[in-house]
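First comes the structure, then the notes that go with it.
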Amino acid sequence: MALFNKTDMQFENYQWTAYPNDNPGITGKPDSTRFNRHEGYEVLYLINALAESWKLKQINSCLKIEKMIREKLPSTTITQIDVKEWIRINWMNK
């Protein structure tokens, strides 16, 4: 079960484009595919993947990640793996 849900998100102007369930590009873990910080499903997925991986228990931690993605993520950080690594490196500084 996901810790962080659409209703928990603090920003409202996301796109919500669902991918078909049989899309071969969906691997179930952060990978080298391009990350869209304005796509709600991608942001939710990444936040929940990090929350599970890092064993986060509080929604406030997820809100912090969402804010980092929206307000601080460099435009040159474009893959899911790179976004995950950038968040890990900058987690304590934000």
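Observations on the structure shown:
- Yes/no for Glu42 being among the charged types (D, E, K, R), without any contact (Cβ under 8 Å) to a residue 40 or more places away in the chain and open to solvent by 50 Å² or more (accessible area, probe 1.4 Å): no
- Tabulated pairs, the range 69-81, first crowded, with 16+ Cβ neighbours inside 10 Å, second in a loop (DSSP other than H, G, I, E, B) and at pLDDT 95 or above, C-beta under 7 angstrom, 6+ apart or interchain: Arg70/Phe11
Okay, residues lined up against (1) among the charged types (D, E, K, R); (2) modelled with pLDDT of 95 or more; (3) closer than 20 Å to Ile89 by Cα:
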site: Leu3; (1), (2), (3): no, no, no
site: Glu12; (1), (2), (3): yes, no, no
site: Trp16; (1), (2), (3): no, no, no
site: Thr27; (1), (2), (3): no, no, no
site: Asn36; (1), (2), (3): no, no, yes
site: Leu46; (1), (2), (3): no, no, yes
site: Trp54; (1), (2), (3): no, no, yes
site: Leu63; (1), (2), (3): no, yes, yes
site: Ile69; (1), (2), (3): no, yes, yes
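The values are calculated or read from the model by the stated rules, or taken from the named source; none is laboratory data. Given the structure is predicted, the values throughout are model-derived calculations rather than measurements. In this analysis, Cβ positions are derived from the backbone assuming ideal geometry, glycine residues included, and neighbour counts consider all displayed protein chains. Note: areas computed on protein heavy atoms with side chains; ligands, DNA, RNA excluded. Shrake-Rupley method; radii C 1.70, N 1.55, O 1.52, S 1.80 Å.
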